[in-house]
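Worksheet: the structure to be examined is printed underneath.
What follows is calculated from the coordinates using simple rules that are stated; it is not laboratory data. Not measured: the values here are computed from a predicted model. Positions of Cβ are backbone-derived with ideal geometry, glycine not excepted, and every protein chain shown enters the neighbour counts.
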Amino acid sequence: AKLAGHGSAGALMKGHVHTDTFMMAMLNRDSGLRTGRRLTHVFHMTVPDQDKALLITDAAINIAPDLETKFGATRNAVHLAHCLGISKPRVAILSGTEEATDRMPSSMDAVALAERASEELDGALVYGPLAFDNAVSPEAARIKGIDHPVAGNADILVVPNIETGNALFKIMVYFMSACAAGIVLGAKVPAILTSRADPPEARLASAAIAAILAGDQEQQS
């Protein structure tokens with residue numbers, strides 16, 4: 001972490017250690033990796049026979065994110081999408097419903113997050129709340145009468161909590177043969193954060209994305 005924080009390494013990769021141990025090293029002020037931005041995680045999911053990838057945030061670091069953390073996760077994911085060539089990513093704020101209701105706090109957060117993003121986040125379309133089917137299926141969105149460019153066409157899914165994101169990406173891996181590339185964003189350098197049970201393909205895909213991000217940060221500096 002210190003090597004990366006002081007310019008001797010362009011990225012970090014988690015090995016056979018627990019995520020908490022890895023993150024403590026990154027968060028240590030002596031490492032020089034902190035930038036003032038929120039540290040958030042993105043899974044870049046590719047599924048066989050699907051024509052585009054899906055980004056999921058945050059399924060690995062922030063357990064019960066507040067609105068500020070969700071905004072940071074959204075901003076970081078949008079930046080990653082831009083680096084990967086998606087000029088105006090469509091961001092769906094997930095909840096258990098497409099209707100805002102006080103009985104489901106995540107739906108109210110989704111409305112607030114979409115409103116804030118419209119004012120403060122350039123280069124993305126952000127909309128919510130959306131249930132998962134309405135975020136990824138044009139047909140489901142049509143049947144529900146949801147007329148918005150994000151509905152049914154999401155590039156990025158912002159999940160309400162870590163349990164939702166963790167279950168979602170693992171379902172895609174184990175039931176859909178998806179490849180999950182995991183990256184921590186918001187530090188001085190990108191950090192590859194994969195599961196100890198992940199196959200080599202996921203680690204290689206994660207390293208490729210980290211290299212793209214490192215190249216972008218080098219150009220910006």
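Before moving on, here are some points about what is shown:
- Comparing mean-square fluctuations of ALA202, ALA117, ALA25 from a GNM of the chain with C-alpha springs under 10 Å, the top value falls on ALA25.
- Selection from ASN62, GLY128, GLY152, by position along the positive dipole direction of the chain (Cβ): ASN62
- Straight-line reach from LYS14: taking Cα to Cα under 22 Å and skipping same-chain neighbours fewer than 8 places apart, the lysines in range are LYS2, LYS170, LYS188.
- Short-range pairs are left out: with C-alpha atoms under 8 Å and at least six residues apart, the relative contact order of segment 163-216 is 30 percent.
- Given the alternatives (1) 121; (2) 130; (3) 143, volume of the Cα convex hull per residue in Å³ as computed for this entry is given by (1).
- A helix-only calculation puts the chain at -13000 deg cm²/dmol for mean residue ellipticity at 222 nm, using -39500 (n - 2.57) for each DSSP H run of at least four residues, averaged over all residues.
- Each other residue within a Cβ distance under 13 Å of GLY5 adds +1 if Lys or Arg and -1 if Asp or Glu, for a net charge of +3.
- Peptides 91-104, 6-19, ordered by how many other C-beta atoms sit within 10 Å of their residues on average, highest first, read 91-104, 6-19.
- For the chain, size of Cβ-based charge dipole, Lys and Arg +1, Asp and Glu -1, in debye: 680
- Among ASP66, ASP109, ASP20, residue whose mean-square fluctuation peaks in a GNM of the chain (springs only between Cα atoms under 10 Å): ASP20
- Other residues with beta-carbon under 15 Å from the beta-carbon of ALA131 carry, at +1 per Lys or Arg and -1 per Asp or Glu, a net charge of -2.
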